[in-house]
Amino acid sequence: MNTLLAPLISSWKTPALRRKILLTAGLFIIFRMFAHIPIPGVDTTKLAVLFSQNQFLALLDVFSGGTLVNFSILALGINPYINASIILQLLQIVFPKLEELAKEGESGREQINQYTRFLTVPLATIQAIGMVALLRNQQMILTVDPLTFITIILTMTAGTMFVMWIGELITEYGIGNGISLLIFAGIVGRMPVTFGQAFTAATSESVMNMIFVLALGFVVIAATVIVNEAVRKVTVQYARRVRGNKIYGGGASFLPLRVNQAGVIPIIFAVSMVLLPSLIGGFLKQLPNPAFASLGNGLTYLFNPNGAFYNIFYFVLVIGFTYFYTAITFNPKKISEEIQKYGGFIPGIRPGSPTAAYLNYILTRITLAGAVFLGMIAILPSLARGLTGMTTLLIGGTSVLIVVSVVLETVKTLEAQLVMRNYDGYLKD
């Protein structure tokens, strides 16, 4: 605990970092204030029930920062921005020019960010139209005229751009990654309500179950920290180069291969895919054709979130998407080329293709551990519900993973800022 709090205490004592912390806190307050300004004409009570019964909507609410369940003017949150970022990452594989642009340093990254902002606008508009249509079909929103409908769509799109702007302000002038911190704020902001409802509904028979769930939560947090920080260090030796009378290079370093290379992205992909059949089934059940209605009933039964098939399929999808996304973000061939370019080699492994094969061999095996961990995190709520029978105190494993990852990332950012300022002071002396 002291190790975790030390960077916070030291940062607070540093005037420049204290200003950044206060700025971040102020932007948090503005974000939460706007998150409670509702769009009129929506039955929020029925909306809360719908979100509690639909895991896909609940996940969207997590990434909106807790604004979607209230259907506030920031209802979409940063979901469209996250989707746009993922799409741009995938497009870098398809279009080599985008990949070259991403490697051009700060200017290239800024251009990619600009494309992400442009793509966020149409994605936000499409998601807003879909959300309003869904609420109207569920009879949770009053019938609106075209002008009111357009106004709601524009308001939700503008809300997304406003949240994106706040996130970028935090990233540039505050502490840590602004987008991640806004998601963190939404999850943490709902925790007191969740715990309060659980303790209010608790009976003498469920107290032991609650203690079990809390203990399980601490175990999950500890496991998340361990897996998130776990790396496989691959030793890289650099040859010495002689230029004139001077010797350059030499020595050894290591290449850190993370166990959880993909982060939380595979869970996002998997939950979108695993919930699609049940959404299609719900649509088919309403059709007058008996064959389609029967197919819809079958899909709904098969992909019941509490069923064994659903959780097994979900688990397998998370493992598959973990390998897929890891392959996208880490290219052993390019890494081996970079190592060879700077005169490096892995002891006992020849440069070039053998190095790429060796890195791929290691990555394939350590990714399995990370993929299984993410799969267990994804189905953890269903497992806990089956063991305890409780539904009020089940904060999703995805939420825990996000919270822990953001805390670790922010603490590392503070430590880096402190180290940099210590070096600045040393150079000035």
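Remark: for residue pairs Lys20/Lys233; Lys20/Lys341; Lys20/Lys46; Lys233/Lys341; Lys46/Lys412, the C-alpha separation exceeds 31 Å in Lys20/Lys233; Lys20/Lys341; Lys20/Lys46; Lys46/Lys412. Report the calculated FRET efficiency for Leu383 and Leu302 (r = Cβ-Cβ distance, R0 = 22 Å), to the nearest 0.05. The value I calculate is 0.70.
In what sequence, largest accessible area first, do Ser294, Ser278 appear using a 1.4 Å probe? Walk me through the intermediate numbers first.
Details: Ser294 75, Ser278 35 Å².
Descending accessible area places them as Ser294, Ser278.
Extending 7 Å from the Cα toward the beta-carbon at both Glu337 and Met273 defines two label points whose distance is 2.8 nm. Remark: spin-label model distance Ile211-Ser294 equals 5.3 nm, labels positioned 7 Å along the Cα→Cβ axis.
With an 8 Å cut-off on Cα pairs and a minimum separation of 6 or more residues, tell me the relative contact order of the stretch 305-413 in percent.
Details: 71 pairs, mean separation 32.3, N = 109.
After rounding, I find 30 percent.
In this label model, Asp145 and Val372 are separated by 6.2 nm, measuring between points 7 Å along each Cα→Cβ vector. Using the Karplus relation 6.51 cos²θ - 1.76 cosθ + 1.60 with θ = phi - 60°, the per-residue 3J(HN,Hα) values for the stretch 323-330 come to 5, 5, 6, 5, 5, 6, 7, 10 Hz, with x marking Gly and Pro.
Apolar share of the accessible surface for the stretch 83-134: 66 percent from carbon plus sulfur atoms, 1.4 Å probe. Seen from Trp12, the other residues with C-beta closer than 13 Å to its C-beta sum to a net charge of +4, counting Lys and Arg as +1 and Asp and Glu as -1. Annotation: per residue accessible area for the stretch 77-117 equals 57 Å², rounded to a whole number [probe 1.4 Å, protein chains only].
The values are calculated or read from the model by the stated rules, or taken from the named source; none is laboratory data. It should be emphasised that the depicted structure is a prediction, and the values quoted were computed from it without experimental measurement. FYI the Cβ positions are ideal-geometry reconstructions off the backbone, even for glycines, and counts take in every protein chain you see. Surface areas here come from the heavy atoms of the whole protein model, side chains and all, with no ligands, DNA or RNA. Shrake-Rupley method; radii C 1.70, N 1.55, O 1.52, S 1.80 Å.
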